[in-house]
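S.K.: Supplied in structure tokens, the structure appears directly below.
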Amino acid sequence: MASDPTRRVSNWDHGYNTARIKDLLDAKRPGMWTRVQAVLPDLYAMEMQVKQTLDAKGVTIIDYPFYLDFGRELWHLCRIGMSGPAAAKEAATLIAKWKDRGLSQAVLEAIRSEVFNIGPPSP
């Protein structure tokens, strides 16, 4: 059964009350700021390593954003504590995804190995 349109509009209006949203974000901001300050230096360092790998492999700069996205996905896996065979399998899945999008498998594998120290999955 469909809900009453008036009720739906009222719920939407309540949920998107900008003053309420501002209050919620203002309360969360100090913790968010602390986490951003802790994480961004690591993210920046990883991106610099990925760029060095791309430079060494002769990748054109127009393709950098896509390889950096791949690097950020691997970085996330490492940040959540994934390692060993599980990380290798997830990395292989990501490599297949980005290879299907037109990136070089050799470059993706170099990023996986050189930047993140993740080996290929065992057969």
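S.K.: Let me cross-check GLU47: its accessible surface, 1.4 Å probe, with only protein heavy atoms counted, in Å² to the nearest 10?
M.R.: 30 Å²
S.K.: Nearest 10 degrees, 0 to 90: what angle lies between the long axis of helix 5-15 and the longest principal axis of the chain (Cα atoms)?
M.R.: So the inclination is approximately 60 degrees.
S.K.: Could you tell me the convex hull volume per residue, in Å³, taken over the Cα atoms of the stretch 1-101?
M.R.: Per-residue hull volume (Cα only) is 220 Å³.
S.K.: For the chain, what is the mean residue ellipticity at 222 nm derived from helices alone (per DSSP H run of n ≥ 4: -39500 (n - 2.57); sum divided by total residues; nearest 500 deg cm²/dmol)?
M.R.: -25000 deg cm²/dmol
S.K.: So what's the gap between the Cα centers of the stretch 1-79 and the stretch 86-103, to the nearest angstrom?
M.R.: When both Cα centres are located, 21 Å separates them.
S.K.: Any chance you could look up the accessible area of LEU24 with a 1.4 Å probe, heavy atoms only, rounded to 10 Å²?
M.R.: 90 Å²
S.K.: Ok, one more. Ranked by accessible surface with a 1.4 Å probe, highest first, in what order do SER10, SER122 come?
M.R.: The residues order as SER122, SER10, largest area first.
S.K.: Right, next: What ranking of PHE70, PHE116 comes out by heavy-atom accessible area, probe 1.4 Å, highest first?
M.R.: So the residues, ranked largest to smallest area, are PHE116, PHE70.
S.K.: Can you flag which of LYS51/LYS97; LYS28/LYS97; LYS28/LYS51 are past 25 Å Cα-Cα?
M.R.: From the list (LYS51/LYS97; LYS28/LYS97; LYS28/LYS51), the Cα-Cα distance tops 25 Å for LYS28/LYS97; LYS28/LYS51.
S.K.: Moving to a separate point now. Could you pull the accessible area for VAL59 with a 1.4 Å probe, rounded to 10 Å²?
M.R.: Its accessible surface works out to 20 Å², give or take rounding.
S.K.: While we're looking at this one, here's another question. Using the Cα centre of the chain as the reference point, and only Cβ charges (+1 on K/R, -1 on D/E), how large is the resulting charge dipole? Debye, rounded to the nearest 20.
M.R.: 300 debye
S.K.: Okay, moving on. Work out how much length SER113 to LYS22 would gain on full extension: take 0.36 nm times their residue separation and subtract the Cα-Cα distance, in nm to one decimal.
M.R.: 28.4 nm
S.K.: Sticking with this one: Could you tell me which residue out of ALA56, GLY84, LEU68 lies farthest along the dipole of the stretch 1-85 toward its positive end? Charges go on the beta carbon: Lys and Arg +1, Asp and Glu -1, centred on the Cα centre.
M.R.: Positive-end residue among those listed: GLY84.
S.K.: Can you check what the net charge comes to around ILE118, using other residues whose Cβ is under 14 Å from the Cβ of ILE118 (Lys, Arg +1; Asp, Glu -1)?
M.R.: -1
S.K.: Which FRET efficiency value, to the nearest 0.05, is calculated for ARG29 and THR60 with the Förster distance at 35 angstrom and r the Cβ-Cβ distance?
M.R.: The calculated FRET efficiency here is 0.35.
S.K.: Roughly how many Å² is the accessible area per residue of the chain, as a whole number, for a 1.4 Å probe?
M.R.: 71 Å²
S.K.: Compute the long axis of helix 18-57 from its Cα atoms, compare it with the longest principal axis of the Cα atoms of the chain, and write down the angle in degrees, 0 to 90, nearest 10.
M.R.: 10 degrees
S.K.: How much FRET efficiency would the formula 1/(1 + (r/R0)^6) give for ASP100 and GLN37, where r is the Cβ-Cβ distance and R0 is 41 Å, rounded to 0.05?
M.R.: So the FRET efficiency works out to roughly 0.70.
S.K.: Mind checking the angle between helix 64-79 and the chain's longest principal axis? C-alpha axes, 0 to 90 degrees, to the nearest 10.
M.R.: 80 degrees
S.K.: Carbon and sulfur together cover what percent of the accessible area of the chain at a 1.4 Å probe radius?
M.R.: C and S atoms contribute 57 percent here.
The values are calculated or read from the model by the stated rules, or taken from the named source; none is laboratory data. All of these numbers come straight from a predicted model, not from anything done at the bench. Note: ideal-geometry Cβ built from the backbone for every residue, glycine included; neighbour counts use all protein chains shown. Calculation scope for accessible area: heavy atoms of the full protein, side chains included, ligands and nucleic acids excluded. Shrake-Rupley method; radii C 1.70, N 1.55, O 1.52, S 1.80 Å.
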